[in-house]
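Only one structure is covered here, and it is reproduced in the block below.
Coordinate-derived values only; no laboratory data. Predicted, not measured: the structure shown is a model, and the values here were computed from it. Glycine gets a Cβ as well: all are built from the backbone with ideal geometry, and neighbour counts include every protein chain shown.
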Amino acid sequence: MRMHKYIHALTWTLLLLTGGTNQALAADGAAIVAQKCVSCHNVTGPAPATFKAMLELKAPDLFYAGSKFKKEWLVEWLQHPTLIRPSGVMFLNNIVVEDGRNRIKRDAVKPCPASLAPEEATAVADYLMTLTDATMKVGVISPKEKLRRSKATTLFTKRYPCNGCHTVKIRHREAGGVSGPDLREAGRRLNPDWIYAQIEDPQHWNPMTWMPTSPMSKKDRVLLTLFIAAME
Amino acid sequence: MKKSNFIVWVVAMFLAISWGSLAWSAETVETTYQRFCVQCHGTLGNGQGINQTAEALAVEPRNHADPKRMSKLTDQDIKLAITDGGAAVNKSPLMPAFGKTLSTPEIDELVAYLRQLCSCQYSEAAASEPEDDHEDNPEDKHGDENERSD
């Protein structure tokens, strides 16, 4: 009985310590974000509400980062940022016309310049994970859901033209458009519930997005979500 | 200043300010086109947008500046393609449906804007001419591969 009490006390102590550490890290992370990130990223909302504001956006909004991203990916990416949006945060700002054809200006789009130390990256990730959208439905995508890959591929590439704007890797072949975020490693980056919510209502997250709300059944939306979430 | 003049002045100022903010926040058909159409149809409307030149699209987007091809389409055809997507008019499904994103007046404005881009209207004579290329053909050149199962 006495042993049981000790174990109980030890468990609570560990929990409190861990929770306290996370809170301290998140506080540190908030300070780092305030110092290094907010000149480009919006961490308080709201999203741009006008076309002009969208053109002025410097980097993706982060005020719902905790709903959108996976923490493990954030920690890694913050240390070694890579390009996710091949045409920039707003493609219109980076277009040039050559021989009547649009292209993205050479060297116009670069990855986030922040390259954080491991402990900084963890602290920032902890903080970003606290920035959530309370209205997003969670638990929509169950780990038990089965991905029917062939059907999902048809939905992604033919029924709904997702690959027209997003680069993906299907059957070892990389292809797709450049006006939307690169989805080749989307499964490592994105929370499946957020993928579902983004497909369901892109304008909820950004009223000025160019991603349309496609009419589709919940079944198709779940299948597309599983398909994207499996891209690793 | 007379009281009536003062009231007129206040009302005029209010209207000016309201109109200014409305004009500032309102999206125009040009910005709607830039936001939703340019990525594939291009800044010149000629079908050479960044997704096309990145070779992402199996079917070349419609050249909105081509009066010959655009005059084959009725306004209703164009409206249906924007609202329900390319598949609804037996064209490429790569053209998304915008009926749940844009309002009916916005889609009507886009139809009128496309008529400006091509400087054309629907012509029965043009519509009866045979297609001279495979643009907008619903057959996807990657179709067989896409259908193949893992």
Quiz item: With the radius of gyration and the Kirkwood radius both derived from the Cα set of the stretch A:138-207, what is their ratio Rg to Rh?
Solution: 0.95
Exercise. Could you run the Debye sum over the Cα atoms of the stretch A:60-189, one equal point scatterer each and no solvent, and tell me log10 of I(q)/I(0) at q = 0.12, 0.21 Å⁻¹, two decimals?
Key: -0.62, -1.34
Quiz prompt | Value at 222 nm in deg cm²/dmol, rounded to 500, when DSSP H runs of n ≥ 4 in chain A each add -39,500 (n - 2.57) | solution = -12500 deg cm²/dmol
Quiz prompt | Extension reserve of the A:Ser217-A:Ala108 stretch, reckoned as 0.36 nm per residue once the Cα distance is removed | solution = 35.4 nm
Quiz item: Relative contact order of the stretch A:74-156: what whole-number percent is it, with Cα pairs under 8 angstrom and at least 6 residues apart?
Solution: 33 percent
Quiz prompt | Residue-count net charge about B:Thr32 - beta-carbon cut-off 13 Å; Lys, Arg +1, Asp, Glu -1 | solution = -4
Quiz item: In percent, what relative contact order does the stretch A:48-202 have, based on Cα pairs under 8 Å that are 6 or more apart in sequence?
Solution: 30 percent
Quiz item: For the stretch B:49-125, what relative contact order do you get, as a whole percent, if you take Cα pairs closer than 8 Å and at least 6 residues apart?
Solution: 36 percent
Self-check item: Label zone at A:Glu200 (point 7 Å along Cα-to-Cβ), backbone N below 15 Å, the stretch A:47-82
Solution: A:67-68
Practice problem: Could you please tell me the mean projected area of the C-alpha convex hull for chain A, averaged over all directions and given in square nanometres to one decimal? | Solution: 16.2 nm²
Quiz item: Assuming R0 = 25 Å, what is the FRET efficiency of A:Ala134 and A:Arg188, from their Cβ-Cβ distance, to the nearest 0.05?
Solution: 0.50
Self-check item: Inter-site label distance for A:Lys52 and A:His172 at 7 Å from Cα along Cβ, in nm
Solution: 5.3 nm
Quiz item: the stretch B:55-90 to the stretch A:136-183: how many Å between their Cα centroids?
Solution: 25 Å
Self-check item: Computed over the stretch A:101-168, Kirkwood Rh from alpha-carbon pairs, angstrom
Solution: 17.0 Å
